[in-house]
Amino acid sequence: MINTPCYTYPGTVADDLIRDPKALRALAHPFRWKLIMLLGTDGPQTATQCAEATGESVASCSYHLNTLAKYGFVAEVPGVKGKQKPWQLVQHMQRWSGEGVDEETALAGEAAGEAFLEHAFAEIRDANRRKSLEPAEWREALALNGRLEFLTAQELQEITAEVLAIIGRYSDRNDDKSARPEGARPVRFLLSTTVSPQRD
C-alpha cells in the first residue's frame, strides 16, 4: 500500500514536506502517480515491465520514470547488471502542504493534487467495474460509501488520526513479504474529507 496524501496528515513532521515547486510539478501528471503506485505495490520494475502493466509504451514509461527520478521520487536499483535496469521508489509517501508557502509552490501543489485525484478516481472506477469478477469474500469486504456528519475541526482531526492509526497497524507488511498472511492482496485506501462552505 502506498500512502499518497495530497496534503499533510495530523502530526506530519514539517521536514517531510515537498517544498520544491518543480518537484511538485513533476507530480502533476496522472500517469506518474500510476507509476508510483505500481512500484509501491509490485516493487522494482523495469520500463518494459511498467509498459506491460500499464499499457503504455516503453518509451513513455522510460520518459516519466526519468522525470520522477530527476526530482528524487524514484531511482534505479543499484548493482543490477544488464541493459534493462529496474526502478524503485525512493520514499513511500509524498506529502506537501499549501500552508506557509509562496504562490508558485501552492499552485504547483494544487496541480499535483489534481493529478493524484484524477489517477485515484480512475483507479476506483476501474476497480468498481471489476468488482463482480472478485470472489464473494472480496466482494463483501470491498466498500464504496459516503456519509455526512456535523463535526468540529478538532473532532475531524481526531477521527482522521484514528483511521490512519488503524490502517497503520498493517504497514510492516509493505516491505516485509513474510509478514503478509496467506491471501493478503494490495488494498488501496483513499481517505478524503470535505467541509461545506461557511454560511452566515
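The values are calculated or read from the model by the stated rules, or taken from the named source; none is laboratory data. A quick note: this is a predicted structure, and the numbers were derived from the prediction, not measured. Reconstructed Cβ throughout: ideal geometry from the backbone, glycine too, with neighbour counts over all protein chains shown.
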Which of the residues that make up the stretch 172-182 are part of a loop (DSSP other than H, G, I, E, B) and either touching a helix residue (DSSP H, G or I) at 6+ places or on another chain (Cβ under 9 Å) or surrounded by 10 or more Cβ atoms within 10 Å (Cβ to Cβ) (or both)?
174, 180, 181
Within the stretch 135-171, can you find the residues that are within 24 Å of residue 123 (Cβ to Cβ), surrounded by 11 or more Cβ atoms within 10 Å (Cβ to Cβ) and charged (D, E, K, R)?
139
From the set of residues in the stretch 68-83 that are within 17 Å of the chain's Cα centre (by Cα) and either of a type in the set (Ser, Thr, Tyr) or not in a strand (DSSP E or B) (or both), which is surrounded by the most Cβ atoms within 10 Å (Cβ to Cβ)?
68
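Rundown of residues vs (1) more than 19 Å from residue 67 (Cα to Cα); (2) of a type in the set (A, V, I, L, M, F, W, C); (3) assigned to a loop (DSSP other than H, G, I, E, B); (4) at pLDDT below 90, yes/no style:
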| site | (1), (2), (3), (4) |
| --- | --- |
| 91 | no, no, yes, yes |
| 97 | yes, no, yes, yes |
| 108 | no, yes, no, no |
| 112 | no, yes, no, no |
| 119 | no, no, no, no |
| 127 | yes, yes, no, no |
Run residue 86 past the list (1) closer than 18 Å to residue 41 by Cα; (2) at pLDDT below 95; (3) not basic (Lys, Arg) and report the number of the one that doesn't hold.
(2)
Single unsatisfied condition, residue 62 versus (1) modelled with pLDDT of 95 or more; (2) in a loop (DSSP other than H, G, I, E, B)
(2)
Filtering the stretch 67-106 down to residues that are touching a Phe, Trp or Tyr at 6+ places or on another chain (Cβ under 9 Å), polar (S, T, N, Q) and over 17 Å from residue 37 (Cβ atoms) yields 97, 105
Taking residue 139 as meeting all but one of (1) touching a helix residue (DSSP H, G or I) at 6+ places or on another chain (Cβ under 8 Å); (2) closer than 25 Å to residue 36 by Cα; (3) in a helix (DSSP H, G or I), write down the number of the exception.
(2)
